[in-house]
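Written below as structure tokens is the structure these notes are about.
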Amino acid sequence: MRTIFLFLAMISISLSTHAQKKNMDDVIYLKNGSKVKGVILQLFPDSIVRFEQVGGTVWVFSMKEIDMIDKEEKNKTILTKVKGYRFGIDAGFLVGSGDNQNNAPLTIQILNSYHITTSSSIGLGIGLEFFHTNQTPIFVDLRHYFNRKYYAPFCFLQGGGMIPISTKATDESGYIFKAKPGFMFNSGIGFLFPMNENLALSISLSYRYQELKFARDNSQLPDYMRIEKMNRFNIRLGFILQ
């Protein structure tokens, strides 16, 4: 029993040490004042150091250039620039009820945003949605990030207009209707998962409400306006790049 306990303890210590090493970067401080982080590939104390920098660039330093070699915890922040421009692209499905013959239409969106503070951003988005009347949402996006670490949660609010692409649709009675611009509202929560210092995976779930208007396209009949409303959940997966 004691032998088994010692064996398990050694495995635990080994795994713990391995995990700590995986979460550490080698750091070289140069005499010119600069610093590089990554992994030491080869070390010859009397001559050179082969070093792979974060990002994949391999350097060879003379020991005469080096002031100190140390270790630091890896950067665990999401998108390390605190402020500035970010580009996002995602896709998803609108799932649920609504006056629409597509049960879960596909949607694709592009978001251009600017972080005005560490935790808040404002952006402008445009998309393409494949309904029976295909449409393009154009919207303002407001976001708040609760932290900048792994699995960073955020909430968001979107609002804007819906521009129909295929402008005509036929109802069950055979009448042709012409689609008019409408509006949309979308609010939800999401999470960012880091892939590197400049790229993160985004997953979100939100509630979506929108309205589109359709006018009967027949001058021989009395004017008639039909309003198509939609209440659905919006499930999205995408990437954010800074």
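The values are calculated or read from the model by the stated rules, or taken from the named source; none is laboratory data. This one's a predicted model, so the numbers in the text were calculated from it and none came from an experiment. Positions of Cβ are backbone-derived with ideal geometry, glycine not excepted, and every protein chain shown enters the neighbour counts. Calculation scope for accessible area: heavy atoms of the full protein, side chains included, ligands and nucleic acids excluded. Shrake-Rupley method; radii C 1.70, N 1.55, O 1.52, S 1.80 Å.
Ser62: net charge of surrounding residues, Cβ under 15 Å, Lys/Arg +1, Asp/Glu -1, itself excluded?
Details: positive: Lys31, Arg50, Lys64; negative: Asp46, Glu65, Asp67.
Residues close to Ser62 contribute a combined charge of 0.
For each pair in Lys37/Lys64; Lys83/Lys229; Lys83/Lys213, compute the distance between the two Cα atoms and list the pairs where it is over 30 Å.
The answer is Lys83/Lys229; Lys83/Lys213.
Kindly report, to the nearest 10 Å², the accessible surface of Lys35 as traced by a 1.4 Å probe over protein heavy atoms only.
Surface accessible to solvent at Lys35 totals approximately 100 Å².
Quick one: net charge around Gly190, please, counting Lys, Arg +1 and Asp, Glu -1 for every other residue with C-beta under 13 Å from its C-beta.
0
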